[in-house]
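Structure, as structure tokens:
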Amino acid sequence: MRERSIDTPQLYSPEGIVNSGLCIGCGSCAAQAQLQGIDTKMKFDKYGLYKPEGPASWYMTPSESFTATCPFSPAARKEDELAVHNFPASPNHSETVGRFESSYVGHVLEQDFRLQGSSGGMVTWVASELLRKGLIDGVAHVIALKDPQADGRFFKYRIARNQDELNEGAKSRYYPVEMSEVLQVIRDTPGRYAVVALPCMTKALQLLREEDEIFKARISFTLGLFCGHMKSAHFAESFAWQMGAPFKAVKEVEYRYKYPDRPANWYNAMLRLEDGTQLNKDWWHLADGDWGAGFFMSSACNFCDDVVSETADVAFGDAWVEPYSSDGKGTNVVIARSALVKDLIVAAIQEGRLQLEEVSGDFVEQTQAAGFRQRREGLAYRLTWAPKGIQPNKRVQPDADRPERSRKVIYRTRYWISKLSHSMFWIARKTGMPGIYISWARVAASFYHGIAYHKGNFGEMKKRYVEFKK
Ligand SMILES: Cc1cc2nc3c(=O)[nH]c(=O)nc-3n(C[C@H](O)[C@H](O)[C@H](O)COP(=O)(O)OP(=O)(O)OC[C@H]3O[C@@H](n4cnc5c(N)ncnc54)[C@H](O)[C@@H]3O)c2cc1C
């Protein structure tokens, strides 16, 4: 084990982090406890978000290792410290997009990576290239379960060891996943692995690699996704309610069904039922379909300041600026932080396998403007009133003075919509009356749109959509 990185005598327990609304459910703590023979597991709570469970002697006891490795522990190393450690020679550095070698906009040209991916197919392509070049033996990624009703979940991490398995992981799942099971496999099976993960989970992996030499040696690459927020498992159930399908009959969920001839940012949800019926609905017509309103967001996301996986070897998002957001085939922004990944990308551009154009860090930042507002100005404001229990220790300082009044109202409304969405859904489910949740969500979304329309580009997007539908 390496020298610990914590710089404070204050220690934390899983219980403290969970009760303070700071647990994202990554599974790192459960995985570490399992290695010590402690019987822990990650389970969905009543709101459809993963939380650790284990004996009180573990769950309630503050420890140095938990304090150093929980990604939301106030004493864990911050994203930029981890990035300096992992990418010391990076030529570029920005306060928002972090340290990097180079950044790009574009998509995969070869095979059907782009068509199969949610965006430009770059995540699956990089994972595949690492496998093809013999740089790794497996990829920990997220796949859909064949029998979700029996399993009690729709998606999970697993290791892909060849191209066919890798292809099964393509597409974004706005659904909670946890890493404890797959970390066990990595611990038990020698080899070199790449892990695809959200920013908080990538941070958890980097902290774990600092603690444990085996993880350090075996997790050779981290492929980070950009992230707006993590949603609870109940978002998928809400789709079923609003599409008139019995949730127990749902076999497959797709959050971004691809229509290549429509703008990429017009999301379409798809459900496939046991009997093969396919149901589709545009997110515009879902009561909770405005991503910016924050329905079903995990409370920990209120206290995150990493939009672009600053600690990952390479990070991927959608190019949410024109003309790219209108291209339904999907376009990535990619940040190569490791020199090796950059070299792979540059070689493939020269060979005509990737259509990528080099862009500045500022360009990447613009593609995630809303995410950065929420995680910089919004976070600074939330830190002045939202924390309960353990106080988060962020790179952003508390600040209630900077945001305009209208933006404060937006941040407060988003906070309350995400908080209430969990309990309203729970009540509707408990009483067997989905209408309670759906009616509430419609009112909440209308209120949010009333205050936020003139501030963002949602109103403009909706106008275009209405025109298209005429
Ligand atoms: C919860 C969530 C929030 C996101 N928020 C934003 C955002 O605000 N802005 C933005 O630009 N992009 C965001 N993304 C990323 C975006 O949706 C695309 O995943 C990204 O652009 C890569 O597209 P692709 O076509 O290259 O990937 P693909 O080739 O489709 O591959 C996607 C990869 O992601 C893995 N994956 C899918 N779901 C998860 C998950 N829940 N956790 C970990 N790995 C997963 C898959 O296994 C696969 O390896 C988010 C993704 C998720 C899962």
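The values are calculated or read from the model by the stated rules, or taken from the named source; none is laboratory data. As the structure is a prediction and not an experimental result, all values here were calculated from the model. In this analysis, Cβ positions are derived from the backbone assuming ideal geometry, glycine residues included, and neighbour counts consider all displayed protein chains. Just the protein is used for accessible areas: all its heavy atoms, side chains included, with ligands, DNA and RNA removed. Shrake-Rupley method; radii C 1.70, N 1.55, O 1.52, S 1.80 Å.
Some observations on this one:
- Unique residue being of a type outside the set (S, T, N, Q) and at pLDDT below 95 when the list is Leu22, Leu35, Leu11: Leu35
- Matching residues in segment 136-151 - criterion: being open to solvent by less than 50 Å² (accessible area, probe 1.4 Å) and outside any strand (DSSP E or B): Ile136, Leu145, Pro148
- Condition check for Gln355 on (1) surrounded by fewer than 24 Cβ atoms within 10 Å (Cβ to Cβ); (2) touching a residue at least 24 places away in the same chain (Cβ under 8 Å); (3) not in a strand (DSSP E or B): one failure, at (3).
- Test: residue in segment 155-174 that is more than 9 Å from the ligand (Cβ to nearest atom), in contact (Cβ under 8 Å) with a residue 60 or more places away in the chain and not assigned by TED's automatic domain parsing to the domain that holds Leu35: no
- Qualifying residue in segment 85-105 (condition: surrounded by fewer than 23 Cβ atoms within 10 Å (Cβ to Cβ) and part of a helix (DSSP H, G or I)): yes
- Subset of segment 376-407 (residues that are closer than 25 Å to Phe226 by Cβ, touching a helix residue (DSSP H, G or I) at 6+ places or on another chain (Cβ under 9 Å) and not in a loop (DSSP other than H, G, I, E, B)): Glu377, Gly378, Leu379, Tyr381, Arg382, Arg407
- Hey, Arg132 open to solvent by 20 Å² or more (accessible area, probe 1.4 Å), under 21 Å from Val185 (Cα atoms) and out of contact with any Ser or Thr (no Cβ under 9 Å at 6 or more places or on another chain) or not: no
- Counting only strands (runs of 3 or more DSSP E) wholly contained in segment 210-309, the ones carrying 1 or more residues that are within 16 Å of the ligand (Cβ to nearest atom) and open to solvent by less than 10 Å² (accessible area, probe 1.4 Å) occupy 219-225, 268-273.
- Summed over segment 165-205, residues that are surrounded by fewer than 24 Cβ atoms within 10 Å (Cβ to Cβ), polar (S, T, N, Q) and within 23 Å of His229 (Cα to Cα) total 2.
- All of Phe226, Phe247 fail the test of being out of contact with any Pro (no Cβ under 7 Å at 6 or more places or on another chain), modelled with pLDDT of 95 or more, aromatic (Phe, Trp, Tyr) and closer than 22 Å to Ala76 by Cα, apart from Phe226.
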